[in-house]
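Structure first, then comments.
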Amino acid sequence: MGQPQSKPSKPSIPRFPQPGDHIYCERKGGLYDHHGIYVGDDMVIHLQGAAKKLGELPTCHKCGDKRLVNGEIAKVCIDCFLDGDTLQIYEYGVTYPEFSKRKRGTCCPRYSRPPHLVISAATDFLERNGFGPYDMFTNNCEHFAVCCKTGSADSYQIEGLLKELLILVPLLWLVPLLLWQLIVFRKALAKNQAPGNFCLQLIHGTSITSYL
Ligand SMILES: [Zn+2]
């Protein structure tokens, strides 16, 4: 009997998107991802990023997108959505162990609604412009796509970022402490104190201020 096969920690083999799929692509070399709902006929509904001027880019002859990011929901062709980046498909219903291994913002342990309800939700948000203005932390493109898929707006990309910050911020407090120790150590050396003696004096309670 063979060894049980564990599921791969990478997303599954790329496939063509189906209507109702949540798709995404990496932006700026993977610094963040952009998300949308594929609604068929090479079209995507997505919540655009924060309003900004992109310069004099030509209007897309395929979907009429004016290439202006205005922080609102838009329906664009898949080429405009991808903007040269690689299409990837967000997965739903992954197991929690699998979810914990994957990059945040690429999959979700919750289950998707049926495709026709996903498309209906995305179209309704588009027609009413009813999802509110874009906000990176509280109302971003992943919140929009996950909401269309599940009925609940979540952004696992932001959750992952916040978790990393929670780990890093306490460690950052160590940096000034270590720098201060280094300065004290260097001053002790400058006064011809052997490092071993310096450490011993610290252990035996000699005032550090005597080295300052
Ligand atoms: Zn287009």
Past 23 Å, Cα to Cα, is the threshold; run 101/163; 75/149; 75/101 against it and keep the listed order.
75/101
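What number does the range 22-164 give for Rg over Rh if you use C-alpha atoms and the Kirkwood radius?
Values: Rg = 14.5 Å, Rh = 15.3 Å.
Value, to two decimals: 0.95.
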Order the peptides 112-123, 127-138 from the highest to the lowest mean number of other Cβ atoms within 10 Å of their residues.
112-123, 127-138
Amide proton proximity set for residue 27, modelled H, under 5 Å, gap of 5+:
32, 33, 34
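Taken together, the values in this text are just the output of simple stated rules run on the coordinates, not laboratory data. For clarity, every value in this text was computed on a predicted model and none was experimentally measured. Note: ideal-geometry Cβ built from the backbone for every residue, glycine included; neighbour counts use all protein chains shown.
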